[in-house]
Amino acid sequence: MEIPLMVGAGLVVIGVGIGIGKIGGSAMDAIARQPEAYGKIQTAMLIAAALIEGIGFAALFAV
Amino acid sequence: MGFTSYASDKENATEESGKDLKTEIKEYIQHHLQDSHDFSLFSYTKENGEHKYVGFPLPIILWDNGLKVFSSSKFHHGEEIAEVDGNHYKLYHSKIYKTDAHGAINYDEEHHPTNAKPLDFSITKNVVMIFITGLLMLWLFTSLAKSYSKNNGVPTGAGRFFEPIVLYIRDDIARPNIGEKRYKKYMPFLLTIFFFIWFLNIFGLTPLGINVTGNIAITFSLAIMTFLITNFTGTKDYWMHQFDPLGKSLPWYGKILLYIILVPIELLGLIIKPFSLLIRLYANMQAGHIVLMSLIGLMFIFKSWLGSPLSFLLAFAISLIEILVALLQAYIFTMLSALYFGFASEEHEHEHEHEAELSH
Amino acid sequence: MEKLLNEFSIGLFFWQTLLFGLLLFLLWKFAWKPILNAVNDREDGIKDALAAAENAKKEMQNVTADSEKLLKEARAEREALLKEAREIKNTIVSDAKELAKTEGDKIIKQAQAAIESEKKAAVADIKNQVANLSVEIAEKVIKEELSDKSKQLKLVEGMLGDIKLN
């Protein structure tokens with residue numbers, strides 16, 4: 001583990017965090033707007049979050 | 001293993017007690033996170049410096065030019081070299097290495113041992129825990145099944161708690177993600193994997209704290225099952241989508257160039273899906289245990305009226321969160337598995353699909 | 001990645017796969033199948049019961065509707081009967097009135113005719129009597145007048161004087 005590598009991984013994690021945060025926030029907005037579509041929104045949110053999370057893990061474990 | 005290093009550290013650094021404690025805690029956490037060849041409940045150090053371990057040894061099964069079975073008590077918790085049929089084995093960082101009679105371990109420049117590693121099929125602590133969990137689940141759910149037939153379709157006892165969860169998995173995970181027609185054949189796998197992960201996660205939070213689901217081999221095995229089931233139950237449409245994602249919307253000469261890039265990406269997606277599954281569960285459980293144990297360790301480092309209660313409160317809060325995470329990770333694993341099964345077993349109506357593609 | 005590979009234990013993977021496969025098989029056979037079947041059966045039972053209740057409700061509604069209809073019909077019939085009876089009564093009464101009136105008229109006419117003829121007869125009788133009476137009176141008067149000679153002459157002279165004037 002070299003320092004630049006770790007910094008890069010940290011940057012990736014920050015990006016992933018922002019991304020998942022935005023997904024969660026938008027999902028909350030969507031649920032507030034359409035509470036009856038809760039299930040569908042949740043599924044879509046989880047898929048999107050899972051895909052982004054994958055990148056984060058890849059970065060973490062590449063270090 | 002953590003304790004042997006601790007023992008040697010103690011000899012070297014008796015004067016720097018602060019650093020010593022930190023190192024000890026770090027080693028202890030690392031030791032805890034890993035699988036172990038004996039089932040130790042706890043350990044303490046006697047006045048004369050001798051380590052006492054409370055627990056029981058587990059069988060070691062090695063494949064090293066023939067099957068070798070012996071008890072892990074031969075290692076004396078990594079302090080001694082076990083000799084079996086003229087071969088010498090040493091436990092180093094929870095791994096078994098083949099050594100000479102003196103137990104010398106050679107390192108490369110990155111401090112990794114270069115000794116030969118025999119194939120290790122030992123019944124480790126994690127295997128015991130999987131076994132116990134399996135038995136518990138068998139007992140729990142067969143008795144639930146029996147209570148249905150005995151009680152005219154109404155569950156009793158613990159079944160009252162587990163039945164809604166079973167129904168939740170069926171109605172909110174399997175049905176919407178896989179589809180009304182095909183969800184039935186996936187139900188046993190989804191239920192088993194959900195309860196298996198959940199129970200093991202919860203067991204990891206008990207004072208026994210056996211970190212099974214935070215182990216890469218376990219999550220790898222779980223994810224590869226999802227992967228295999230996804231691809232073996234994949235329909236023609238699913239494979240068509242993998243190798244011919246654009247369908248009839250382009251003539252063949254137009255597709256060739258695109259497909260050089262597109263098909264490998266689609267195939268990579270096949271691997272990435274289960275890979276993210278296995279890493280997610282592993283990393284979440286691992287991280288939870290590290291945070292929790294570090295906070296508990298902080299109590300011993302602070303040793304003050306302010307710091308220790310604070311870290312106790314923090315540890316308490318984190319363990320509450322961890323209980324939630326234990327459930328959440330089991331849910332997400334099951335949910336995503338169901339989703340992948342749903343993708344794979346989906347059957348498009350071809351005309352409809354064609355229209356959809358034309359409208360793009 | 002390197003750390004992960006280092007941590008990966010083939011033995012643990014082997015045991016996990018084996019035990020999990022076994023667990024999956026046993027639970028499939030002895031737990032999930034009966035549980036899911038029981039739950040399905042129960043749900044089907046509930047669905048059937050609900051459908052049956054719905055049917056019963058519909059039938060009940062039909063029955064009430066039928067009785068309602070019957071009641072309505074009976075009421076309508078009663079109404080019709082009453083109306084008919086009233087009409088019959090009215091016609092009977094009016095017929096009777098008519099009959100009575102015509103009959104009365106007839107009797108009155110007959111009576112009038114009888115009265116008329118009686119009257120005529122009476123008048124005729126009176127005329128005859130008056131004529132006889134006046135003739136008798138006239139006879140007596142004339143007999144009286146012509147009993148002495150001077151009076152006869154005076155009368156003839158008076159009559160002759162009237163004729164002279166003419």
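Database remark: amide H of B:GLY55 closer than 5 angstrom to the amide H of B:LEU41 (H placed geometrically; neighbours at sequence offset of 5 or more, or on other chains; Pro and chain starts carry no H).
Entry comment: accessible area of chain C is 84 Å² per residue, from protein heavy atoms only and a probe of 1.4 Å.
Accessible surface buried by the B/C pair amounts to about 3700 Å², both sides summed, 1.4 Å probe. What shape does region B:119-185 take by its C-alpha gyration tensor, where a ≥ b ≥ c are the square roots of the eigenvalues and a/c under 1.5 counts as rounded, a/b above b/c as prolate, and the rest as oblate? Oblate, because a/c is 1.5 or more while a/b does not exceed b/c. Averaging over all projection directions, the Cα-based convex hull of the protein assembly as shown occupies 75.2 nm² in the image plane. Helical content of the protein assembly as shown, expressed as a calculated mean residue ellipticity at 222 nm, amounts to -25500 deg cm²/dmol (DSSP H runs of 4 or more residues, -39,500 (n - 2.57) each, divided by residue number, nearest 500). For B:SER40, the accessible surface of its heavy atoms amounts to roughly 30 Å² (probe 1.4 Å, protein chains only, rounded to the nearest 10).
In a reduced charge model with +1 at each Lys and Arg Cβ and -1 at each Asp and Glu Cβ, chain C shows a dipole moment near 300 debye about its Cα centre. What is the helix-to-structure angle for B:159-168, meaning the angle in degrees between its Cα long axis and the longest Cα principal axis of chain B, kept from 0 to 90 and rounded to the nearest 10? For B:159-168 against chain B, the angle is about 50 degrees.
Heavy-atom accessible surface of region B:288-346, averaged per residue, reaches 50 Å², computed with a 1.4 Å probe. Share of carbon and sulfur in the accessible area of the protein assembly as shown stands at 65%, probe radius 1.4 Å.
The chymotrypsin sites (Phe, Trp or Tyr not before Pro) of region B:254-313 that DSSP puts in a loop, and whose beta carbon has at most 15 other beta carbons within 10 Å, are B:TRP305. Note on exposure: B:TRP139, B:TRP63, C:TRP32 ranked by accessible area (1.4 Å probe, complete protein assembly) read B:TRP139, B:TRP63, C:TRP32, with the most exposed listed first. Amide H to amide H, with H built 1.01 Å from N, B:SER36 comes under 5 Å of B:LYS125, B:ASN126, counting only residues 5 or more places away or on other chains. Relative to the Cα centre, the charge distribution of the protein assembly as shown, modelled as +1 at Lys and Arg Cβ and -1 at Asp and Glu Cβ, gives a dipole magnitude of about 1800 debye.
So how much accessible surface do A and B hide from each other in total, probe 1.4 Å, in square angstrom to the nearest 100?
900
Once the partner protein chains are put back, region B:105-123 shows a loss of at least 50 square angstrom of accessible area, versus the chain by itself, at B:PHE121 (probe 1.4 Å, ligands and nucleic acids excluded).
Can you list the equivalent-ellipsoid semi-axes of chain A, largest first and in whole Å, using the square root of 5 times each Cα gyration tensor eigenvalue?
Semi-axis lengths for chain A are 31, 11, 4 Å.
Starting from the residue with the highest accessible area, list B:LEU268, B:LEU167, B:LEU328, B:LEU222 in decreasing order, probe 1.4 Å.
Ranked list, largest accessible area first: B:LEU268, B:LEU328, B:LEU167, B:LEU222.
Within 10 Å of each candidate Cβ there may be at most 14 other Cβ atoms; applying that plus a DSSP loop requirement, which GluC sites (Glu not before Pro) in region B:76-174 survive? Sites meeting the loop and neighbour criteria: B:GLU79, B:GLU80, B:GLU109, B:GLU110. For B:LYS181, the lysines whose Cα comes closer than 25 Å to its Cα, not counting residues fewer than 8 places off in the same chain, are A:LYS40, B:LYS236, B:LYS273, C:LYS29, C:LYS33, C:LYS47. Mean sequence separation of contacting Cα pairs (under 8 Å, at least six apart), scaled by the length of chain B, corresponds to a relative contact order of 17 percent. Spatial offset of region B:277-315 relative to region B:120-185 amounts to 31 Å, using the alpha carbon center of each.
Going by Cα centres, region A:10-63 and region C:128-156 are how many Å apart? Region A:10-63 and region C:128-156 have Cα centres separated by 161 Å.
Of all the options A:GLY17, A:GLY25, A:GLY39, the one that moves most in a Gaussian network model of chain A with Cα springs shorter than 10 angstrom is A:GLY39. Take the Kirkwood radius over Cα pairs of chain B, plug it into Stokes-Einstein at 4 °C and 1.567 mPa s, and you get 53 µm²/s for translational diffusion.
Computed from backbone phi, the HN-Hα couplings of region B:302-318 come to 5, 6, 10, 5, 8, x, 5, x, 4, 6, 5, 4, 4, 4, 5, 4, 5 Hz, rounded to whole numbers (Karplus: 6.51 cos²θ - 1.76 cosθ + 1.60, θ = phi - 60°; Gly and Pro given as x).
Helix C:33-145 and the longest principal axis of the Cα set of chain C meet at an angle near 0°. The Stokes-Einstein estimate for region C:11-162, based on a Kirkwood radius over Cα pairs and taken at 4 °C with 1.567 mPa s viscosity, is a diffusion coefficient of 43 µm²/s.
Counting only residues at least eight positions apart within a chain, or on another chain, the lysines with an alpha carbon under 29 Å from that of C:LYS83 are C:LYS69, C:LYS72, C:LYS97, C:LYS101. Rounded to the nearest 10 degrees, the angle from helix A:3-33 to the longest Cα principal axis of chain A is 0 degrees. For region B:128-146, accessible area lost to neighbouring protein chains reaches 30 Å² or more, against the chain alone with a 1.4 Å probe, at B:ILE130, B:LEU138, B:PHE141, B:THR142, B:ALA145.
The values are calculated or read from the model by the stated rules, or taken from the named source; none is laboratory data. Because the structure is predicted, anything quoted here is derived from the model rather than measured. Using ideal geometry, Cβ is built from the backbone for each residue, glycine included, and neighbour counts are taken over all protein chains shown. The area values use the complete protein model at the heavy-atom level, side chains included, leaving out ligands, DNA and RNA. Shrake-Rupley method; radii C 1.70, N 1.55, O 1.52, S 1.80 Å.
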